[in-house]
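The values are calculated or read from the model by the stated rules, or taken from the named source; none is laboratory data. Since this is a predicted model, take the numbers as computed values, not measurements. Virtual Cβ from ideal backbone geometry, glycine too; neighbours counted across all protein chains shown.
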Amino acid sequence: MKIECYDEKGAEVYDMVVRQILQDLQLSRAIKDLRVYADPREPVFIIVISYEKTAPAVYLEDFTEYEYDKESNEAFLRIKDENYLPELLAKLWELEGRNKIHQTSRSEVIIDDPQVDLKKLVVHNPEEDLRKKIYDALFRIIPEGFRVVEHYSEGNIIALTASDEVIKDEWIDKTMNIVEELKNN
C-alpha cells in the first residue's frame, strides 16, 4: 500500500483511514496492492486497487441434479449441497418470480414453466461479491464532497479518480499511470 500526498500528516491519516475501512469490511487479505494519490490543493483524490483472484463462480449444475419434464412443463431440482440453497432460491425468485418456485422439501425445488437456461445459471459469484465490497470501501475512502468520479475497471484492478470539480485529463493520465504500475507488479 502506498499513499502519495504532499502533506505527510495527511498521508498518515489516510493510511489509517484506508486500513481501518479495509479491516471493517474484511477486505485486507483480498487486496493485493492499493495506491492513493491525494492533493487537496487541486483538489483530486485517486485510488487504485488490485485484488486477489477469487474462487470460481458456482453454477446450478455444480450442486444440483435437474431434469425438465416437457409434459408438465416443470423443472425438478434435487439439491446435493444445501449451502447454496438460499442464494439459489433468491436467484430463482428474482428471475422467475416467487409464484413459479415451489420448495417441496429441503432438497427439492420445482420450477413451473422455467424460462431461465438452468445450465448457465450462476448461483454464487465470489468475484462479483468481492467487487461490490471493494466499491463500498472505495466510496467510504473517497473524501466527503468529492462527488465527481471517473471510474476505470479492468481485470482485477479498480480505479477511481474523484474531485469536487470537473475531472482534468492530467488526473486521468495520473490514474492510468498508477494502473499500469499495478499491472506490471
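Name, by its number, the condition in (1) surrounded by 17 or more Cβ atoms within 10 Å (Cβ to Cβ); (2) closer than 30 Å to Asn185 by Cα that does not hold for Ile101.
Here Ile101 meets the rest and fails (2).
Looking at Leu138, Leu160, which one is part of a strand (DSSP E or B), at pLDDT 95 or above and within 30 Å of Ala11 (Cβ to Cβ)? Show your work before the answer.
On the way: Leu138 fails: part of a strand (DSSP E or B).
Answer to the selection: Leu160.
For segment 49-56, does any single residue satisfy the condition of being of a type in the set (A, V, I, L, M), under 30 Å from Glu144 (Cβ atoms) and at pLDDT 95 or above?
yes
Scan segment 144-157 for residues that are outside any strand (DSSP E or B) and over 15 Å from Arg35 (Cα atoms) and report the count.
5
Scan segment 137-158 for residues that are surrounded by fewer than 14 Cβ atoms within 10 Å (Cβ to Cβ) and either touching a residue at least 60 places away in the same chain (Cβ under 8 Å) or not assigned by TED's automatic domain parsing to the domain that holds Ala30 (or both) and jot them down.
none
Among residues belonging to segment 51-85 that are of a type in the set (Val, Ile, Thr) and out of contact with any Ser or Thr (no Cβ under 7 Å at 6 or more places or on another chain), point out the one that is farthest from Ser105 (Cα to Cα).
Among those that are of a type in the set (Val, Ile, Thr) and out of contact with any Ser or Thr (no Cβ under 7 Å at 6 or more places or on another chain), it is Thr54.
Can you name the number of the only condition in (1) under 22 Å from Asp164 (Cβ atoms); (2) in contact with a helix residue (DSSP H, G or I) (Cβ under 7 Å, 6 or more places away or on another chain); (3) free of Cβ contacts under 8 Å to residues at least 40 places away in the same chain; (4) not β-branched (Val, Ile, Thr) that Lys9 fails?
The number of the failed condition is (2).
Could you list, in sequence order, the residues of segment 22-48 that are touching a Cys at 6+ places or on another chain (Cβ under 8 Å) and surrounded by 19 or more Cβ atoms within 10 Å (Cβ to Cβ)? Full working, then the answer.
Narrowing segment 22-48 to residues touching a Cys at 6+ places or on another chain (Cβ under 8 Å): 36-39.
Residues satisfying the conditions are Val36, Tyr37, Ala38.
Output the residue which, of all residues in segment 141-152 that are touching a helix residue (DSSP H, G or I) at 6+ places or on another chain (Cβ under 8 Å) and not aromatic (Phe, Trp, Tyr), is nearest to Tyr14 (Cα to Cα). Quick ask: steps written out before the conclusion?
Of all residues in segment 141-152, those touching a helix residue (DSSP H, G or I) at 6+ places or on another chain (Cβ under 8 Å) come to 141, 150, 152.
If we keep only those that are not aromatic (Phe, Trp, Tyr) as well, we get 141, 150.
On the way: Ile141: 8, Glu150: 20 Å.
So the residue we want is Ile141.
Within segment 126-179, how many residues turn out to be more than 21 Å from the chain's Cα centre (by Cα), farther than 19 Å from Arg19 by Cβ and not β-branched (Val, Ile, Thr)?
The total comes to 12.
State the number of residues belonging to segment 83-140 that are in contact with a Leu (Cβ under 6 Å, 6 or more places away or on another chain) and of a type in the set (Gly, Ala, Ser). Break it down stepwise before answering.
Here is the first cut: in segment 83-140, the ones in contact with a Leu (Cβ under 6 Å, 6 or more places away or on another chain) are 101, 109, 116, 118, 121, 123, 133, 137-138.
Those left that are additionally of a type in the set (Gly, Ala, Ser): 137.
Summing the residues that are in contact with a Leu (Cβ under 6 Å, 6 or more places away or on another chain) and of a type in the set (Gly, Ala, Ser) in segment 83-140 gives 1.
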